[in-house]
Amino acid sequence: MIFVVNAGSSSLKCALFSGALERVADAQAVEIGGASALVADGARREVRLADHGAALVAVLEALRVAPGDLAAVAHRVVHGGADFDGPRVIDAAVRARIDALGSLAPLHNPVALACIDALAAIAPGVAQVASFDTAFHAGQEDVVTSYALPAAWRDKGVRRYGFHGLSYRGLVEALDPLPGRLLACHLGNGASMCAIRDGRSVATSMGYSPVSGMTMGTRVGEIDANAVLRIAGEIGIDAAGRLLNNDSGLRALGGTSDMRDLPESSFARAHFGHWALRQAGGLIAVLGGIDAIAFTGGIGENDAEMRGRIVDGLKWAGPVAVHVVAADEERQIARETAEILGMTPPPSPA
């Protein structure tokens, strides 16, 4: 079995897949380090989880999985920098590079690394694989990824990376036939868009970090750099980081980060839709037009009004196919792990 681990700053989302990549079970740990709880088999129970290592032990116990049952462990790692263009088997060098990239994703890479280390102790000898959210965008041209900064800063890694790559790669795998010019929209609490040509990312709305681009559930999206400097100057860098990442977006505009709780006429929904169109227009221009639009993510899959608002706003691009694709990052991670380890699933029955 392949054990997929998707670690957040205070949460853990896990899934178990068979060798044929069939989802066997799911479990989640939330509020790790605080008033934590474990959700498995549809039931929630309060349990003390001091850290991600303790949460992993609890999840495996809840799923009734012994370390010896695992053929591989697969991790979602948010930031792979410019180093990784695909999944990697985790060895000492890969682990060290993930650690070094921690400053680029301080809420995610360190906890992913903590899970890697914890599982190395829990299940020694079991292969671990990292799938990177940035990898799908790694082939973009320098003119796309570079900020207009002095070379010294660009050489330090201050550039556009893009995120939600695992979602976009899974979306590309799901579409058959695959449109040549695709506008992909991952709309959820974190939201981004991606211009995909012949299955490859050529531009995306997120940049150096997942805070840029569209209006999101709690992230500010597009904002002038001098506005950030003013905010940081008044309240300090750490407080400014929390404001831009955790207390902005829909939460700041409408009082909630959940789109389902916002009236269709609300300013927050209008803002989200406006900036979706602003981002989409630029991406369509890069592609020279589009053949299809694909929506995924919680909002993209379930909010028909917002999908319609975006599609209507893009009628100028011509009549195109519109797809709704269920997001399944965990299956994509499991697939990448199976491929890199040569764990080819058996053929489907005739």
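The values are calculated or read from the model by the stated rules, or taken from the named source; none is laboratory data. Note that the coordinates shown come from a computational prediction; the quantities given were computed from them, not determined experimentally. All Cβ positions, glycine included, derive from the backbone under ideal geometry; neighbour counts span all protein chains shown.
Can you say whether GLY157 is under 23 Å from ILE98 (Cβ atoms), over 18 Å from the mean Cα position of the chain (by Cα) and either assigned to a loop (DSSP other than H, G, I, E, B) or not assigned by TED's automatic domain parsing to the domain that holds LEU101 (or both), as far as the supplied structure shows? Answer is yes for this residue.
For LEU101, state whether it is assigned by TED's automatic domain parsing to the domain that holds ALA54, at pLDDT below 95, hydrophobic (A, V, I, L, M, F, W, C) and assigned to a loop (DSSP other than H, G, I, E, B).
no
Among the residues of the stretch 232-257, those identified as outside any helix (DSSP H, G or I) and without any contact (Cβ under 8 Å) to a residue 60 or more places away in the chain are GLY236, ASP247, SER248, GLY255, THR256. One residue alone among ARG48, ARG23, ARG88, ARG64 is among the basic types (Lys, Arg) and buried (at least 17 other Cβ atoms within 10 Å of the Cβ), and that residue is ARG88. Is at least one residue of the stretch 203-224 outside any loop (DSSP other than H, G, I, E, B) and out of contact with any helix residue (DSSP H, G or I) (no Cβ under 7 Å at 6 or more places or on another chain)? So far as the stretch 203-224 goes, no, none of its residues is outside any loop (DSSP other than H, G, I, E, B) and out of contact with any helix residue (DSSP H, G or I) (no Cβ under 7 Å at 6 or more places or on another chain).
A Cβ distance below 9 Å, combined with a sequence gap of six or more or placement on separate chains, defines the contacts here; from the stretch 114-141, residues that are within 15 Å of ARG200 (Cα to Cα) reach residues that are assigned to a helix (DSSP H, G or I) and of a type in the set (S, T, N, Q) in the pairs ASP133/SER167; PHE136/SER167; HIS137/THR145. Here GLY162 meets each of (1) surrounded by fewer than 24 Cβ atoms within 10 Å (Cβ to Cβ); (2) touching a residue at least 12 places away in the same chain (Cβ under 8 Å); (3) farther than 17 Å from ASP328 by Cα; (4) touching a Ser or Thr at 6+ places or on another chain (Cβ under 7 Å) with one exception, condition (1).
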